[in-house]
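Visitor: Dumping the structure here so I can ask a few things about it.
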Amino acid sequence: MQGNKDKNLIVELTFSFALKIIAYTELLEKDRRYVLSKQLLRSGTGIGANVREAQNAESKRDFIHKLKIAAKEADETEYWLLLCDKSKNYPDCKALMIECSSIIKVLSKIISTSKKVI
């Protein structure tokens, strides 16, 4: 629905977050924590991929649907980060947890605002 991908807050937030997720999962892989690393990499980068896809939605309903998928990915990412946070001897991920929570709030706000316009 929005053609300008360069100046879009949620696009920028999720892209930056994905880069941080990549770096964090590389730390996990160095520690041989492959299962959590792969799950976190998929969901953490999937948020931004779905947000980008929403920017080219065919309708307002399609836009909302794609953002809901991004929100589900964000919820899943939050779960994997919580597991990492509560597991012994895992690298610190509190900053990622805070950023993920912020992304969830922004996505929720965009979805609820977009629903009012339909």
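Values quoted throughout were computed directly from the atomic coordinates according to the rules given, and no laboratory measurement underlies them. From a predicted model like this one, the values you see are computed outputs, not experimental measurements. Glycine gets a Cβ as well: all are built from the backbone with ideal geometry, and neighbour counts include every protein chain shown.
Visitor: Among the listed pairs LYS7/LYS116; LYS72/LYS109; LYS66/LYS115; LYS38/LYS109; LYS20/LYS88; LYS66/LYS116, which have their C-alpha atoms separated by more than 18 angstrom in this model?
Guide: On the way: LYS7/LYS116 23 Å; LYS72/LYS109 14 Å; LYS66/LYS115 13 Å; LYS38/LYS109 29 Å; LYS20/LYS88 21 Å; LYS66/LYS116 16 Å.
Exceeds cut-off: LYS7/LYS116; LYS38/LYS109; LYS20/LYS88.
Visitor: Tell me, THR113, THR14 in order of fewest to most beta-carbon neighbours within 10 Å? List each step's numbers first, then the result.
Guide: Details: THR113 9, THR14 28.
Ordered by Cβ neighbours within 10 Å, fewest first: THR113, THR14.
Visitor: Can you show me the helix-derived [θ] at 222 nm for the chain, built from DSSP H runs with n ≥ 4 at -39,500 (n - 2.57) apiece and divided by the number of residues, rounded to the nearest 500.
Guide: Details: 4 runs with 94 residues, N = 118.
Only helices count here, giving -28000 deg cm²/dmol.
Visitor: Cross-link partners among aspartates and glutamates for LYS94, C-alpha distance below 12 Å, same-chain residues fewer than 8 apart left out?
Guide: Straight-distance partners of LYS94: GLU78, ASP85.
Visitor: Rank these for me by crowding, GLU73, GLU53, going from fewest to most other beta carbons within 10 Å.
Guide: Numbers: GLU73 23, GLU53 16.
Exposure proxy ranking, most exposed first: GLU53, GLU73.
Visitor: Turning to a different aspect of this structure: Taking only Cα atoms, what is the 0 to 90° angle, nearest 10, from helix 94-117's long axis to the longest principal axis of the chain?
Guide: 20
Visitor: Also, quick follow-up: Counting other C-beta atoms within 10 Å, which of TYR24, TYR90 has the fewest, and how do the rest follow? Kindly include the intermediate steps, with their values, before the conclusion.
Guide: On the way: TYR24 22, TYR90 17.
Ranked by crowding around the Cβ, least crowded first: TYR90, TYR24.
Visitor: Run the dipole for the stretch 9-113 about the Cα centre, Lys and Arg Cβ at +1, Asp and Glu Cβ at -1, nothing else charged, and hand back the magnitude in debye, nearest 20.
Guide: Values: 17 positive and 14 negative charges, 33 e Å.
Charge dipole of the stretch 9-113: 160 debye, to the nearest 20.
Visitor: For the chain, build the convex hull from the C-alpha positions and give me its volume per residue in Å³. Walk me through the numbers before you get to the answer.
Guide: Values: hull volume 9.9 nm³, N = 118.
Per-residue hull volume (Cα only) is 84 Å³.
Visitor: Angle between the Cα long axis of helix 9-30 and the longest principal axis of the chain, 0 to 90 degrees, nearest 10?
Guide: That works out to roughly 20 degrees.
Visitor: Less than 11 Å Cβ to Cβ from ARG61, Lys/Arg counted +1 and Asp/Glu -1: what total charge do the surrounding residues give? The partial results should precede the final answer.
Guide: Values: positive: LYS60, LYS66, LYS68, LYS115; negative: GLU58, ASP62.
Around ARG61, the surrounding residues sum to +2.
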